[in-house]
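To start, the structure itself, in structure tokens.
The values are calculated or read from the model by the stated rules, or taken from the named source; none is laboratory data. Model, not experiment: these values are computed from the prediction. Counting neighbours? That spans all protein chains shown, and the Cβs are built from the backbone with ideal geometry, glycine included. These accessible areas exclude ligands, DNA and RNA; they are computed on the full protein's heavy atoms, side chains included. Shrake-Rupley method; radii C 1.70, N 1.55, O 1.52, S 1.80 Å.
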Amino acid sequence: FGQTNIADARQEPTGSTVTVSGIITSGSELGTIRYMQDSTAGIAVYSSSLGSIVPGQNITVTGTLKDYYNLLEISPVTSVIINSSGNPLPEPMLLTPDQLSEGNESQLVRLNNVTFNAGQGNTFNSGTFTFTSAGEQGSVYIRSGHPLIGYSIPYGQIDLTGICSQYRSEYQLLLRSSADIIGGGIGIVVAPHAENITTDGLTIAWTTDSEATSEIY
């Protein structure tokens, strides 16, 4: 086997050994997995050896193609070489929910004019959250331990950037941090809670994701 681009590697049968290079687009916020892409396509890479790998690094990976609940990934990984660091990430492709598909799996994408569906609570926790964009339905998946857990679900229309991933028959958008939520005003990172409780009073405290003046009623 030799070096190939990611699009060609994706056409090889599972069980094949491939070697590809690309820019890392996700970090530890998504767990052990990393997503990478070159100018042709994207692919997931799953290995505990990637723990120190961060977005913006260009790496060369050798490993075995595996189908994990319909997500194509390289696992196990036999070799990881860091070629460079601090590279700009690829420009996200502008899509609608119905366009999330095999053709852009594991790539950075952007969906505009997104509204999260009502009845899903006020803050993110681990699980799936549905939204509407361009009259189409999509979903965001938040894993356990994700930095968005406890973060306010945006109210109103916003834009989302993330990675197109797949689980079974469903394509999902994976957000990496609050920076992937564009617009929507100020987000509450730590919900209002009581502090310094005494017989004379208490303090209500909360934390927002940007500096702001706010009041509580």
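Dividing the helix sum by the residues of the chain, where each DSSP H run of 4 or more adds -39500 (n - 2.57), gives a mean residue ellipticity at 222 nm of -500 deg cm²/dmol. Of the Cα atoms belonging to segment 103-146, the radius of gyration and Dmax stand at 11.7, 33 Å. Rolling a 1.4 Å probe over the heavy atoms of the protein chains gives the chain an accessible area of 50 Å² per residue. Spatial offset of segment 130-162 relative to segment 1-63 amounts to 25 Å, using the alpha carbon center of each. Coupling constants for segment 9-14 follow from the phi torsions by the Karplus curve (6.51 cos²θ - 1.76 cosθ + 1.60, θ = phi - 60°), and in residue order they are 4, 5, 8, 6, x, 4 Hz; glycine and proline get x. Here the 3J(HN,Hα) profile of segment 113-127, calculated from phi with Karplus coefficients 6.51, -1.76 and 1.60 at θ = phi - 60°, is 6, 8, 10, 5, 5, 5, x, 10, x, 9, 10, 6, 9, 5, x Hz, Gly and Pro shown as x.
Phi angles across segment 15-20 convert, under the Karplus curve 6.51 cos²θ - 1.76 cosθ + 1.60 with θ = phi - 60°, into 3J(HN,Hα) values of x, 6, 8, 10, 10, 9 Hz, Gly and Pro given as x.
Using the per-residue mean of other Cβ atoms lying within 10 Å as a proxy for protection, in what order, highest first, do the peptides 36-46, 65-75 fall?
Order by mean packing, descending: 36-46, 65-75.
Three principal axis extents describe the C-alpha atoms of segment 82-174; from largest down they are 45, 29, 27 Å. Computed on the chain, with alpha-carbon pairs under 8 angstrom and 6+ residues apart, the relative contact order is 14 percent.
Here, segment 59-217 yields an orientationally averaged convex hull projection of 13.0 nm² when only Cα atoms define the hull. Result for the chain in a Gaussian network model with C-alpha springs under 10 Å: among Ile82, Ile153, Ile59, the largest mean-square fluctuation is at Ile82.
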